[in-house]
Amino acid sequence: MGYESVRFPENTLFLVTGGAGFIGSNLCEAILNKGCKVRCLDDLSTGKQENVDLFIDNPNYEFVKGDIKDLDTCMKACEGVDYVLNQAAWGSVPRSIEMPLFYCANNIQGTLNMLEAARQKGVKKFVYASSSSVYGDEPNLPKKEGREGNLLSPYAVSKRADEEWAKQYTRHYGLDTYGMRYFNVFGRRQDPNGAYAAVIPKFIKQLLNGEVPTINGDGKQSRDFTFVENVIEANLKACLAPHEAAGEAFNIAYGGREYLIDIYYGLTKALGVDIEPNFGPDRAGDIKHSNADISKARELLGYDPDWSFDRGIKAAIEWYKENL
Ligand SMILES: NC(=O)c1ccc[n+]([C@@H]2O[C@H](COP(=O)([O-])OP(=O)(O)OC[C@H]3O[C@@H](n4cnc5c(N)ncnc54)[C@H](O)[C@@H]3O)[C@@H](O)[C@H]2O)c1
């Protein structure tokens with residue numbers, strides 16, 4: 001279980017794009033802990049300098065400030081790289097509805113540049129962040145690869161397009177690509193601030209500050225909230241996945257389902273506060289329920305997540321208590 005037994009030769013060089021963000025910085029840390037080298041490419045548009053400062057003194061860590069919208073930057077960043085873990089993108093469904101052109105340029109053209117650079121530089125494997133949003137309005141649960149519905153936002157379009165481009169790079173240019181369809185990831189270093197923050201860190205921060213959080217809708221929506229350690233496992237195992245599994249996208253989740261309202265009251269209990277939430281309108285582009293069938297990743301990547309929601313949320317709460 002997990003990724004403890006996953007090993008790479010010492011001199012292995014990983015490129016993590018978006019490495020100054022939440023998931024990317026966790027990937028950088030895990031790679032350094034494995035004794036390998038990591039180059040982080042990030043334009044710091046939503047990422048943080050402090051997530052770079054954490055590792056900058058480690059000789060195995062290199063930071064390149066740059067934008068994946070620029071092909072030349074991507075080419076230089078891929079020099080000598082064994083594995084690319086492409087995380088750079090802008091998240092948030094509502095923001096993508098406000099800024100469709102930017103999401104196309106940043107999330108689609110940016111990833112296409114990275115695919116092209118990885119191909120030209122002879123990278124071994126290209127693992128990239130996709131999203132559960134590619135399931136759109138597909139009503140059946142659990143979500144299963146190959147059974148997708150109509151897309152509900154420009155963000156979802158950008159992730160679906162990335163998957164299609166990656167498939168082309170496997171089909172025509174022999175680049176082994178593996179799409180990670182993350183389901184609502186949470187954990188240390190996820191940004192609690194701003195209008196587009198994810199619910200778990202946002203609620204924890206508000207409750208710790210004695211503020212009243214707002215739940216969009218009735219709180220009876222459910223998600224397969226996935227602790228970041230499981231995401232690290234999936235990325236590292238995808239780097240070692242067989243060629244036969246390339247050109248595919250995989251659900252990366254725990255395979256459970258949590259209701260937002262239950263999470264809310266779980267947090268108030270764990271934090272020892274007695275605050276009733278406000279309820280706001282539903283968000284455009286949101287779906288009511290989502291959870292994942294993870295059998296494809298289990299079978300083809302050897303993914304075997306060992307962080308349940310309950311275990312992960314305890315660790316996340318402890319981290320936020322110490323770091324906010
Ligand atoms: N967090 C989740 O629950 C979740 C769910 C599904 C998919 N994803 C995907 O996972 C990836 C990482 O998400 P995250 O939650 O860590 O977000 P994040 O915002 O914390 O990290 C993204 C990073 O990418 C960087 N970036 C953005 N555009 C860039 C560009 N053009 N060039 C270079 N760097 C750029 C940002 O500065 C940031 O550091 C994204 O692709 C996101 O769409 C995340």
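Of the residues making up segment 1-40, those that are open to solvent by 10 Å² or more (accessible area, probe 1.4 Å), of a type in the set (A, V, I, L, M, F, W, C) and within 13 Å of the ligand (Cβ to nearest atom) are Phe22, Ile23.
If you take the residues of segment 118-158 that are more than 14 Å from the ligand (Cβ to nearest atom) and not in a loop (DSSP other than H, G, I, E, B), which of them is farthest from Gly91 (Cα to Cα)? Checking each candidate, the answer is Gln120. Per the listing Ile215, Ile204, the residue uniquely open to solvent by less than 50 Å² (accessible area, probe 1.4 Å), touching a residue at least 24 places away in the same chain (Cβ under 8 Å), away from the ligand (no atom under 16 Å from the Cβ) and on the phi < 0 side of the Ramachandran plot is Ile215. Take Leu101 and decide whether it is more than 10 Å from the ligand (Cβ to nearest atom), surrounded by fewer than 18 Cβ atoms within 10 Å (Cβ to Cβ) and within 29 Å of Arg298 (Cα to Cα). Considered against the rule, which asks whether it is more than 10 Å from the ligand (Cβ to nearest atom), surrounded by fewer than 18 Cβ atoms within 10 Å (Cβ to Cβ) and within 29 Å of Arg298 (Cα to Cα), Leu101 comes out as no.
The set of residues in segment 282-322 that are among the hydrophobic types (A, V, I, L, M, F, W, C), at pLDDT 95 or above and over 28 Å from Gly272 (Cβ atoms) comprises Ala292, Ile294, Ala297, Leu300, Leu301. Being within 13 Å of the ligand (Cβ to nearest atom), among the basic types (Lys, Arg) and out of contact with any Ser or Thr (no Cβ under 9 Å at 6 or more places or on another chain) is a property that Arg95 has.
Suppose we keep only residues that are open to solvent by less than 20 Å² (accessible area, probe 1.4 Å) and within 20 Å of the chain's Cα centre (by Cα) within segment 56-73. Which one would you say is farthest from Val231 (Cα to Cα)? The qualifying residue farthest from Val231 (Cα to Cα) is Gly66. Of the residues that sit in segment 41-83 and are under 16 Å from Gly24 (Cα atoms) and part of a helix (DSSP H, G or I), which one is nearest to the ligand (Cβ to nearest atom)? That would be Asn51.
For (1) open to solvent by 50 Å² or more (accessible area, probe 1.4 Å); (2) acidic (Asp, Glu), each residue gets a yes or a no:
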| site | (1), (2) |
| --- | --- |
| Ala118 | no, no |
| Gly122 | yes, no |
| Val127 | no, no |
| Asp137 | yes, yes |
| Ser153 | no, no |
| Thr170 | no, no |
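Taking the criterion of being in contact with a helix residue (DSSP H, G or I) (Cβ under 6 Å, 6 or more places away or on another chain) and within 13 Å of the ligand (Cβ to nearest atom), the residues of segment 159-169 that qualify are Lys159, Arg160, Ala161, Asp162.
The values are calculated or read from the model by the stated rules, or taken from the named source; none is laboratory data. Nothing here was measured: the structure is a model prediction, and the numbers come from that model. Positions of Cβ are backbone-derived with ideal geometry, glycine not excepted, and every protein chain shown enters the neighbour counts. Accessible surface is based on the protein model in full, side chains and every heavy atom, while ligands, DNA and RNA are left aside. Shrake-Rupley method; radii C 1.70, N 1.55, O 1.52, S 1.80 Å.
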